[in-house]
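Comments concern the structure below.
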Amino acid sequence: MTKELGIEIEKLNVWFGEGDTHVNAVIDASFSVKKGGSFGLVGESGSGKSTVLRAITGLAPDWSGKITVLDEVLGETRTRNFYSKVQMVFQDPYASLHPRQTIDHVLSEALHLHGFSEPDNRIMKVLNDVGLSQGFRFRYPHQLSGGQRQRVAIARALVIEPEILLLDEPTSALDVSVQAEILNLLTDLQAERALTYLMVSHDLAVVGHMCSEIAVMNQGEIVELLDVEDMRALKAIHPYTQQLLDASVQRRRVD
Amino acid sequence: MTNLLEVKNLCVNFPTRNGVVEAVRNISFSLGKERLGIVGESGSGKSMTGRAILRLIKKPGILTADYIKLEGQDLLKLSEREMRGVRGHKISMVMQDPKFSLNPVMRIGDQICEAYQLHSKVSRKEAVKKTIEMLEAVLIRDPERVFKSYPHEMSGGMGQRIMIAMMLIPDPQILIADEPTSALDVTVQKEVLEIMDRLVRERGMGLIFISHDLNVVSAFCDRVLIMYAGRIVETCRADELSNAKHPYTQGLLKSLPQLERRVDRLAVLQRDEAWRTAPSVSGIVEPERA
């Protein structure tokens, strides 16, 4: 049973600060992601959805509960082995790439850290996979558009051949036409490499397009788990989910 | 009905080392007492158009136009000093992110009072009274408390309501809203749009609503200008946006993922070089004679 799960999270609590400034960011969250599947976390800002991803990658130090990734129960610190299987793509491609390092530098550093041989071939291949020509290899981030930068961020995560990608709002900083390109790219890569996606977004349409199962978060708690068919049919049980769906649908004119 | 604003052949150019970047190229449009949406991707020139109306193009940018007429008066002929009387007083602007448009070290109430007292000669007492009224008008529950708060104590939605209150307190004729809700959550977005809509209607103002979100614009505006590479490629009634004819507009609409329908692959916009060079469509609507 557990063999088929990519990520399993049980009773995850994440908090920040101590004493007066103590804030519970995630409260008793439990869900699981099938290997090769796509799981979406939706909610408003401050609902704790990104914090779940940060807890998995070890970027939020104070947490309790049980996180199992590819049959490995995670402890206090993350091993190099963990990072060779799990990689994250951040929200803002303008902030997540080092402004003074070329694309080649960014990618070869990731390869070097994980002890890969033949960096040249791998870099050329991964650029090709994310739809960038070889001419981009020695450019700096400021010479790229937002969509191209996000492709580089995806390439950086993919170059070390992980099995799981954590996607934190991967398209919210991009135009809709570019968003379509990146979402198509993610779909293709998943089919080619049998990747497991855990995706965070505030846009229900994007999550509905990418994911088969969805967890709705509100104020740190998962209020509802539903599959994508139910979401499309707007069949939500929890009033908050219903409210979120209504707000997303009403943005379009009904008459 | 008369046109509040008429813009003819507006251009914004930025000379750079590699030649001139034409951010806005020869666009003409008018605004009546209506909600006019301007949509386009980043870099299409929609924000520059908004800023150009207020003559807020920073050097080395160059702004040219045949005229920018506000109720018949050409804004290009005004001195910088006279222009300051127009900004905020007759035309005001709400920016995208309240975090960067409010003064972080000044109490919210004082900021709004200042905006009011700058444009009308009233006592402090009266300004405070008007400010509290205005905060109530944007549906802030506890206006006295918010009056004494600092911007960092407010959420994004509250911050944007405060911005709207501040911009509307001098009673301008035109409000330019540049992506006012892009930084907000969907549920909050709806509330802020409703508040803005109500106030603009009640006061009989003209609204220029700049956004990249086609759904919001089609649901919220009366008329839409679609911009691409600094030109207006199409103009239509907002409720008919889904039947837009230009391939660029259609491409944008098709590339949106749909909540209720499953598509295997999203359509990717195929750009045509001809869109870039085609002449701009006029967005001028002649005022109807009663």
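The values are calculated or read from the model by the stated rules, or taken from the named source; none is laboratory data. Please read these numbers as outputs of a predicted model, since none were measured by experiment. Positions of Cβ are backbone-derived with ideal geometry, glycine not excepted, and every protein chain shown enters the neighbour counts. Side chains included, ligands, DNA and RNA excluded: accessible areas come from the protein's heavy atoms. Shrake-Rupley method; radii C 1.70, N 1.55, O 1.52, S 1.80 Å.
Overall, the range B:139-290 carries a charge dipole of about 240 debye about its Cα centre when +1 sits on the Cβ of Lys and Arg and -1 on the Cβ of Asp and Glu, all other atoms neutral. Per residue of B:211-217, other chain Cβ atoms within 10 Å of the residue Cβ number 3 on average. Our coupling estimate for the range A:173-182, obtained by passing each phi through the Karplus curve with A = 6.51, B = -1.76, C = 1.60 and θ = phi - 60°, is 8, 10, 5, 4, 5, 6, 4, 4, 4, 5 Hz, Gly and Pro reported as x. Could you tally the net charge around A:L226, taking each other residue with its Cβ under 11 Å from the Cβ of A:L226, Lys/Arg +1 and Asp/Glu -1? With Lys, Arg at +1 and Asp, Glu at -1, the neighbours total -3. Taking the alpha-carbon centroid of each part, what is the distance from the range B:148-182 to the range B:21-61 in angstrom? Using only Cα atoms to place each centre, the spacing works out to 21 Å.
Largest GNM mean-square fluctuation across B:I176, B:I195, B:I108, computed for chain B with C-alpha springs under 10 Å, falls on B:I195. Legend: residue pairs B:K8/B:K33; B:K8/B:K77; A:K34/A:K235; B:K59/B:K130; B:K8/B:K99, Cα-Cα distance threshold 25 Å; pairs beyond threshold, B:K59/B:K130; B:K8/B:K99. On a per residue basis, chain A carries 45 Å² of accessible surface, using protein heavy atoms and a 1.4 Å probe.
Remark on the range A:76-115: ratio of C-alpha radius of gyration to 2.2 N^0.38 Å is 1.33. Give me P(r) over chain B, computed from all C-alpha to C-alpha distances, binned every 5 Å, as integer percentages. It works out to 1, 5, 12, 15, 17, 16, 14, 10, 6, 3, 1, 0, 0, in whole percents. Interface burial in the range A:15-57, defined as at least 40 Å² less accessible area with all protein chains than with the chain alone at a 1.4 Å probe, covers A:E44. Within straight-line reach of A:K66, meaning a Cα separation under 16 Å, sit the following lysines at least 8 residues removed in sequence or on another chain: A:K11. Once you reduce the range A:136-183 and the range B:81-101 to the center of their Cα atoms, the two points are 35 Å from each other. For the range A:65-169, the list of GluC sites (Glu not before Pro) that fall in a loop by DSSP and count at most 13 other C-beta atoms within 10 angstrom reads A:E76. Across chain A, the fraction of Cα-Cα pairs farther apart than 25 Å, rounded to a whole number, is 45%. Annotation for the range B:133-175: trypsin sites (Lys or Arg not before Pro) lying in DSSP loop with at most 14 further Cβ atoms inside 10 Å of their Cβ are B:R141, B:K148. Within 10 Å of the Cβ of each residue in B:38-46, the mean number of Cβ atoms contributed by other protein chains is 2. Taking B:D264, B:D213, B:D178 as the candidate residues, the one with maximal mean-square fluctuation in a Gaussian network model of chain B, Cα springs under 10 Å, is B:D264. The contact residues of the range A:163-177, meaning those that lose at least 50 Å² of 1.4 Å-probe accessible area when all protein chains sit together rather than their chain alone, are A:D175, A:V176, A:S177.
Karplus-derived 3J(HN,Hα) values for the range B:17-34, using 6.51 cos²θ - 1.76 cosθ + 1.60 with θ = phi - 60°, are 4, 9, x, 8, 8, 8, 6, 10, 10, 6, 9, 10, 7, 10, 9, x, 7, 8 Hz; glycine and proline are entered as x.
Each Lys or Arg adds one and each Asp or Glu takes one away; over the other residues whose Cβ falls under 12 Å from the Cβ of B:R276, this sums to 0.
Once B binds A, the 1.4 Å probe can no longer reach about 3000 Å² of accessible area, counting both sides. Contact order for chain A, expressed relative to its length and based on alpha carbon pairs under 8 Å spaced 6+ residues apart, stands at 26 percent. The alpha carbon convex hull volume per residue for the range B:35-174 rounds to 143 Å³. For chain B, modelled as a GNM with alpha-carbon contacts under 10 angstrom, which of B:L207, B:L199, B:L266 fluctuates the most? Residue with maximal mean-square fluctuation among B:L207, B:L199, B:L266: B:L266.
Scan the range B:3-102 for GluC sites (Glu not before Pro) in coil per DSSP, keeping those whose Cβ has at most 16 other Cβ atoms within 10 Å, and list them by number. For GluC sites (Glu not before Pro) across the range B:3-102 that sit outside H, G, I, E and B with at most 16 neighbouring Cβ atoms in 10 Å, the list reads B:E71. Remark: relative contact order (the range A:37-139) = 17 percent; criterion is Cα-Cα distance under 8 angstrom and separation of 6 or more residues.
In terms of its C-alpha gyration tensor, the protein assembly as shown comes out prolate, because a/c is 1.5 or above and the ratio a/b outweighs b/c.
Of all accessible surface on the range A:117-255 at a 1.4 Å probe, what whole percent is carbon and sulfur? With neighbouring chains kept in place, the figure for the range A:117-255 is 48 percent.
Report, in whole Å, the centroid distance computed from the Cα atoms of the range B:242-290 and the range A:48-99. The two parts, judged by their Cα centres, are 39 Å apart. Within the accessible surface of the range B:139-220, defined with a 1.4 Å probe on protein heavy atoms only, the carbon and sulfur portion equals 47 percent. Within straight-line reach of B:K129, meaning a Cα separation under 21 Å, sit the following lysines at least 8 residues removed in sequence or on another chain: B:K121, B:K148. Note on B:K245: lysines with a C-alpha under 23 Å away, same-chain residues under 8 apart excluded, are B:K46, B:K254.
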